[in-house]
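This report refers to the structure that appears directly beneath it.
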Amino acid sequence: MNEPTLRPASLEDAALASDLMTAAYPDLPEDPVLIRYRWEHPRDGWSDARFIAERQGKPIAFVAWSHGPWDQVPERHCHVEVLLDRARFEPDVLASLWSWVAGEAQADGARVLEAYAVEDERDVLEVLARVGFEPDRTEKVWELDLVAHGKRLRDEARAARSKANAAQVELTTLAQWTDPDSLRKVHALFELTRLDIPSTYPILPETFENFVERVEAPDKRHDRYWVALYGGDPVAASYLRFPPVRGKVWTGYTCSHPDHRGRGLARAIKLQTLAQAIELGVPTVLTDNDSENAPMLHINEQLGYDRRPGFVSLLKRVQT
Ligand SMILES: CC(C)(COP(=O)(O)OP(=O)(O)OC[C@H]1O[C@@H](n2cnc3c(N)ncnc32)[C@H](O)[C@@H]1OP(=O)(O)O)[C@@H](O)C(=O)NCCC(=O)NCCS
């Protein structure tokens, strides 16, 4: 086999990287502006490395690893990525890239490697099994047809808003909510609720500064970021991410405060984002959630989402 060569990816490679990611799974395109923004705003304390793999001078894959601060990650798990252009797919090339990135992550102190693939990427999953990765969890992915379900969803959004108002809960957006502490309050809500997302490893805290960078990213807008307010505090939130150049519109996150669960507020606030997307003429939206997140599965089923191939996360233990 003609072994690929790897070179570090610079900020100027963000567009190329997004092209390679898109070529690896064309049905879920990646946005060049968002990739660059993400690279420009790394998470505090995180370590990462990114590479472009080339063969005969032509870029064929995006390769990366990233992990949180080791003192906050006792298991020392590290995310590893290999996104090989479908047109260049060869099992041996893919296996060699996974082995290479595994070695790099291990050299940085990783003890467990975490990789992702889409459920229908049989050939990728076969290669991952060959190089020692085992399936860990599944993230369900769903798609909602806003054209077919538009009228019903708009009606449900209106009814949910009336019901919330009757319980003194206001459904509004960050743009409309004038509290000077609004972002701090939403950050606190997210930090609290993220602890309840089912996951194999604890979800690390996010600094307020990093949170603000994400809120201000080019795929989000304050007038499309929805919050449910009760007594001046956010008790539920949901927003959609609208990629500026290409890609699907996805739900970014939906949550409700533990003291207010089971009152229909998560569903109500998610419905506001969907009704807004319908107004904007968005034809379909995607959402994902862990396969063990029972209330979120229930909400998505009720809202009329259809299942798509999900994301499989796979683990490989390595020695240091
Ligand atoms: C998931 C989450 C947003 C749900 O919030 P919520 O305000 O309780 O949601 P709602 O009240 O609108 O709806 C919950 C629904 O799930 C149902 N439900 C709750 N627990 C359930 C379970 N174990 N199995 C099946 N259904 C369940 C409720 O009965 C309700 O349905 P109903 O109105 O038809 O009776 C909330 O638990 C949360 O913030 N979790 C942490 C963050 C998270 O996981 N977000 C999703 C990440 S993708």
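For region 94-122, what are the residues that are over 23 Å from the mean Cα position of the chain (by Cα) and free of Cβ contacts under 8 Å to residues at least 40 places away in the same chain? Write out each step before concluding.
Restricting attention to region 94-122, the residues satisfying the condition of being over 23 Å from the mean Cα position of the chain (by Cα) are 94-97, 99-100, 103-104, 106-109, 111.
Matches in region 94-122: L94, A95, S99, G103, A107.
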Complete set of residues in region 20-38 that are over 16 Å from W250 (Cβ atoms) and either outside the structural domain of A117 (by TED's automatic domain parsing) or surrounded by fewer than 17 Cβ atoms within 10 Å (Cβ to Cβ) (or both): P26
Among the residues of region 302-315, is there at least one that is within 9 Å of the ligand (Cβ to nearest atom), open to solvent by less than 40 Å² (accessible area, probe 1.4 Å) and under 22 Å from R158 (Cα atoms)? no
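Name the single residue, out of those in region 276-320 being of a type in the set (G, A, S) and in contact (Cβ under 8 Å) with a residue 24 or more places away in the chain, that is nearest to V124 (Cα to Cα).
Among residues in region 276-320 that are of a type in the set (G, A, S) and in contact (Cβ under 8 Å) with a residue 24 or more places away in the chain, the one nearest to V124 (Cα to Cα) is S313.
Give the number of residues within region 175-198 that are open to solvent by less than 50 Å² (accessible area, probe 1.4 Å) and over 15 Å from V235 (Cβ atoms).
Step one: list which residues in region 175-198 are open to solvent by less than 50 Å² (accessible area, probe 1.4 Å), which gives 177, 179, 182-183, 186-187, 189-191, 193-194, 198.
Pick out the ones that are also over 15 Å from V235 (Cβ atoms) and you get 183, 194, 198.
Final tally of qualifying residues: 3.
On the given criteria, is K248 within 21 Å of the chain's Cα centre (by Cα), farther than 24 Å from K185 by Cα and of a type in the set (K, R)? Walk me through how you get there before you give the answer.
Details: within 21 Å of the chain's Cα centre (by Cα): yes; farther than 24 Å from K185 by Cα: yes; of a type in the set (K, R): yes.
So K248 passes the test.
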Residue count, region 274-301, condition in contact with an Asp or Glu (Cβ under 7 Å, 6 or more places away or on another chain), within 24 Å of H257 (Cα to Cα) and more than 14 Å from the ligand (Cβ to nearest atom), comes to 0
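The values are calculated or read from the model by the stated rules, or taken from the named source; none is laboratory data. What you see is a predicted model; the values in this text were computed from it and never measured. As a convention, Cβ positions derive from the backbone with ideal geometry for all residues, glycine included, and neighbour counts pool all protein chains shown. Just the protein is used for accessible areas: all its heavy atoms, side chains included, with ligands, DNA and RNA removed. Shrake-Rupley method; radii C 1.70, N 1.55, O 1.52, S 1.80 Å.
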